[in-house]
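Working notes for the structure below.
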C-alpha cells in the first residue's frame, strides 16, 4: 500500500509541476508590475498595425506603441493588432477592412482604439478577425467571416464581400465554459473547461480535426482529444492550415496540413483530418504555429521547431529557405536556451530568453528587429529591447510586451487650436525635409498641401489654418528617412 501511495503522490506532484509550468501557455501575462507593461512593435507597418501612431513601409527597430500601459497579452493579425489590458478591457489598432478593430466602422487607426469590451481574460487574432475570451467562459468574435470564422452559422464561402462580416464583437453561440481561445488563420479554436476542444471556420486541410475537410460555421468538437491544456494553429485560405494541442502530460497532438512536415509526424498523411501524436515530443510547456512551421518550448528552456524552413523559420542552415518545402518532419533543436516564451509568424519564429527577444527566419519587412531586412536562419537578438515578457508574431510584423520601454515612435502629431504640429525623431541626415497634409475624406483626397525644403536641422513643423474637429493626415520624409504618415485632429 505504501508503494501505491508513494506512486500516486509522485504522479500528483508531477502533474502539479506540469500545470504550473503550463500556465503561461494559457494566457501570457506580464509579471508583477503589470501597470508598467507596455508594447513595442517592429516590422511591416503599412496599415499602422504596430500601433505607433503612424503608417510606414517598414519599421526596422522596435518602437513604443502609443498609449498602451498595463498590457497583459498581445496578438497580431494580418495588418492589425490587439492588446488585453490589466483592467480587462481591449485595445485594437491597424487595418479595418473587415471590421478587425471592432469599433463599428472601417476606419483604419494607427493608434489603439477601444472596441468597448470588458471582463476580458484572453485575446487572439489571425487573418482578418479577432477573438476575446470573457471571464464567464463565453467567446466574442469580430471581423471577417469569409470562411465562417464568426462561428454563428454564417459564411462568405470564400467571398470577402459576403455581407456577413461583423464590425463589432458578437458572441459565438453555444460556448459558455471556454478557458482559452486561439485564432489559427481562418480557423478558430476554443478550449473548454473539461479539456476538450471546439473548432470552426476553414477546414480545407482538415484543421478542424473532425475527420472531414468541410467548412464548419458553428463550433464543432475536435475528435479524440481530452486533457488539452493549450492550443496553437495557423494557416491561410488556400494551401496551409494545421493545429497543435498540448496535453496535460506534456505530449502533443497535431492535425491538418502535413505537406511541409508541420505536424512533426512523418507517417501522417499530407492532409490529416484527425489528431495524431507527435512522436518523441515530451515535456512540452508551450506551442506556437506559423503558416508552414511549428515550434515548441520545452520544460528545460530549449526550443524545437519543425516543418518548412521558408525564410529560415525552422532555424536550419541550407534547408531550402527560399522555397516552401519540408525541412524537417520531426522536431529539431533551435539555438535558444532558457526560453520563457515563443511565438511564430509567416516564415519567422520568436523566443524570449532571459528577458531578451530572439527572432529567426524571414525578414523582408524587418520583422526580426535587427535593423536590416536580411533573413537569418539562426536566432538573432532584437535590437533595443529589454525586460521582454512575451512576443506576438503576425503576418509581417512583430510585437512584444516589455517592462522597459524601447525608443519612442519616430513621429507624433500634437494638436493645437486650428493647428497640428508634426514632430519627428531622426539622426542628422544633412538633407531638407518635405511634408504634406490632407483632410481624411472618403474617398481619400490627394496630398493637396505640400511644403518642401524644411531645414535639415528641423525636427518639427506646425501646420496652421486647419479646421477644428476635422481629421488630417500628415507625412514627413527626407532622403534616408522613409515617408511616415500620422494623423491628428486640430482643437
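The values are calculated or read from the model by the stated rules, or taken from the named source; none is laboratory data. Bear in mind that the values here come from a model prediction, so they are computed numbers and not experimental data. Neighbour counts run over all protein chains shown; Cβ positions are idealised from the backbone, glycine included.
Just for segment 291-316: of the residues that are crowded, with 24+ Cβ neighbours inside 10 Å and in contact with a helix residue (DSSP H, G or I) (Cβ under 9 Å, 6 or more places away or on another chain), which one is nearest to residue 249 (Cα to Cα)?
Out of the qualifying residues, it is 297.
Which number in (1) touching a residue at least 24 places away in the same chain (Cβ under 8 Å); (2) closer than 15 Å to residue 168 by Cβ; (3) not in a strand (DSSP E or B) marks the one condition that residue 107 misses?
(1)
Which of the residues belonging to segment 247-264 are surrounded by fewer than 24 Cβ atoms within 10 Å (Cβ to Cβ) and in a loop (DSSP other than H, G, I, E, B)?
248, 249, 250, 251, 259
Does residue 194 qualify as being within 21 Å of residue 122 (Cβ to Cβ) and surrounded by fewer than 18 Cβ atoms within 10 Å (Cβ to Cβ)?
yes
Within segment 265-281, is even one residue in contact with a helix residue (DSSP H, G or I) (Cβ under 9 Å, 6 or more places away or on another chain), surrounded by fewer than 19 Cβ atoms within 10 Å (Cβ to Cβ) and either part of a strand (DSSP E or B) or in the same structural domain as residue 179 (by TED's automatic domain parsing) (or both)?
So far as segment 265-281 goes, no, none of its residues is in contact with a helix residue (DSSP H, G or I) (Cβ under 9 Å, 6 or more places away or on another chain), surrounded by fewer than 19 Cβ atoms within 10 Å (Cβ to Cβ) and either part of a strand (DSSP E or B) or in the same structural domain as residue 179 (by TED's automatic domain parsing) (or both).
Residues checked against (1) without any contact (Cβ under 8 Å) to a residue 60 or more places away in the chain; (2) surrounded by fewer than 21 Cβ atoms within 10 Å (Cβ to Cβ); (3) farther than 30 Å from residue 122 by Cβ:
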residue	(1), (2), (3)
367	no, no, no
371	no, yes, yes
384	no, yes, no
392	no, no, no
400	no, no, no
420	no, no, yes
430	yes, yes, yes
436	yes, yes, yes
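On the basis of being in contact with a strand residue (DSSP E or B) (Cβ under 9 Å, 6 or more places away or on another chain), in contact (Cβ under 8 Å) with a residue 24 or more places away in the chain and surrounded by fewer than 22 Cβ atoms within 10 Å (Cβ to Cβ), does residue 186 make the cut?
So residue 186 does not fit the description; no.
Residue pairs, Cβ under 7 Å, 6 or more apart or interchain, first in segment 62-91 and not assigned by TED's automatic domain parsing to the domain that holds residue 120, second part of a loop (DSSP other than H, G, I, E, B) and buried (at least 23 other Cβ atoms within 10 Å of the Cβ). List them.
none
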